[in-house]
């Protein structure tokens, strides 16, 4: 008989009383998010594997109908091939060693990105007449942090690279990334308009436009309006390209997988001065709080599953390691009746928590617990 006693995080906590960080995975939530992207985005939806490369994540995305994946390394290619041997691989990390290029060729990569003339020449033979997207960067705001300092070229160089893609007999495309956790549709609109201008300057008709990732997950202030972003992208492409509109592709990572996981961490110690010590921190599943700020999607429950409801107090919060840097920036707002042994339950934790977490000092995340709901 199937055991229904641990169908959600609270029931698991109440029964098992985990003394280590517990991360919960709901396949139905992940598949519903994939369906939302496929129904709403006006083009091909790929998944950025870097956000969470767990086998169960990839398997559920394949089950939800995804047929293409954005991979950044040979290890990610191999992970996708195990889950979906026939999936299309888009290799959009624009810096690659020659060994990595040969590995990508063997895996049958069908789309590549470049932001440098030398890198384009390196992949020309391996691309085998396939798609090569020039990565564009602009001084566009609206994201939690920008990727432009590491990747991409300005419009002038982008046009030059695009012409060279055509000279090499490759299928021309443009790609960009508005930056992580970008909630402003205007960022995509600006990039789309600039992409059309670059294509016209190069005298090239784009086969495809990759509008990147950056789609926001729900961290605070209400759920993001993904459909509004999708609509803005579609309208901008029609307005900017007209009859020469390219096919579209996107590569969500965070927004695809975040909502499918919840993280529960335990209070190890609560000091008289209000400091709180947890069994997870910035070296574990809470690493992103250091980089993109806190989330208000947090509740505190007692070991018996009862919610703590005291008045909110901002506490200084440390992780479990011996490193004094293991501190959550800005602290957390916790109920005044929080006690040692309680659990802090963070929603929307599927993106980068498992991917980035270390096991420094012997701490870290274990295997996800699959639940029916979160």
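For 219, 315, 308, which order do you get if you count the other beta carbons within 10 Å of each Cβ and list the fewest first? Spell out each step's value before the answer.
Values: 219 26, 315 21, 308 17.
Result, fewest neighbours first: 308, 315, 219.
Do the sum for the chain: with -39,500 (n - 2.57) for every DSSP H run of n ≥ 4, divided by all residues, what is the mean residue ellipticity at 222 nm, to the nearest 500 deg cm²/dmol?
Working: 12 runs with 122 residues, N = 374.
Calculated from helices alone, the mean residue ellipticity at 222 nm is -9500 deg cm²/dmol.
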Q | Percent antiparallel among DSSP beta bridges (both partners in the chain, rounded to 5) | A | 40 percent
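Take 243, 77, 160 and order them by how many other Cβ atoms sit within 10 Å, fewest up front.
Working: 243 5, 77 23, 160 15.
Fewest to most other Cβ atoms nearby, the residues stand as 243, 160, 77.
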Q: Go ahead and run the numbers for FRET between residue 201 and residue 28, Cβ-Cβ distance against an R0 of 51 Å, rounding to 0.05.
A: 0.65
**Q.** Residues 265, 10, 257 arranged by fewest to most Cβ contacts within 10 Å
**A.** 10, 265, 257
Q) Which one, (1) 17.4; (2) 16.3; (3) 19.5, gives mean projected area of the Cα convex hull in nm² as derived from the coordinates shown? A) (3)
Q. Under 13 Å from the 7 Å Cα→Cβ point of residue 313, by amide nitrogen: which residues of the stretch 322-364?
A. 332-340
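Which of rounded, prolate or oblate describes the stretch 54-156 when judged by the alpha-carbon gyration tensor and an a/c cut-off of 1.5? Don't jump to the answer; show the numbers that get you there.
Numbers: a/c = 2.26, a/b = 1.29, b/c = 1.75.
Oblate, since a/c reaches 1.5 and b/c is not below a/b.
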Q) Which of 209, 286, 270 moves most in a GNM of the chain, Cα contacts under 10 Å? A) 270
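Every number in this text was worked out from the coordinates using simple rules, so none of it is lab data. Values in this document were obtained by computation on a predicted structure and should not be read as measured data. Heads up, the Cβs are rebuilt from the backbone with ideal geometry, glycines too, and the neighbour counts pull from every protein chain shown.
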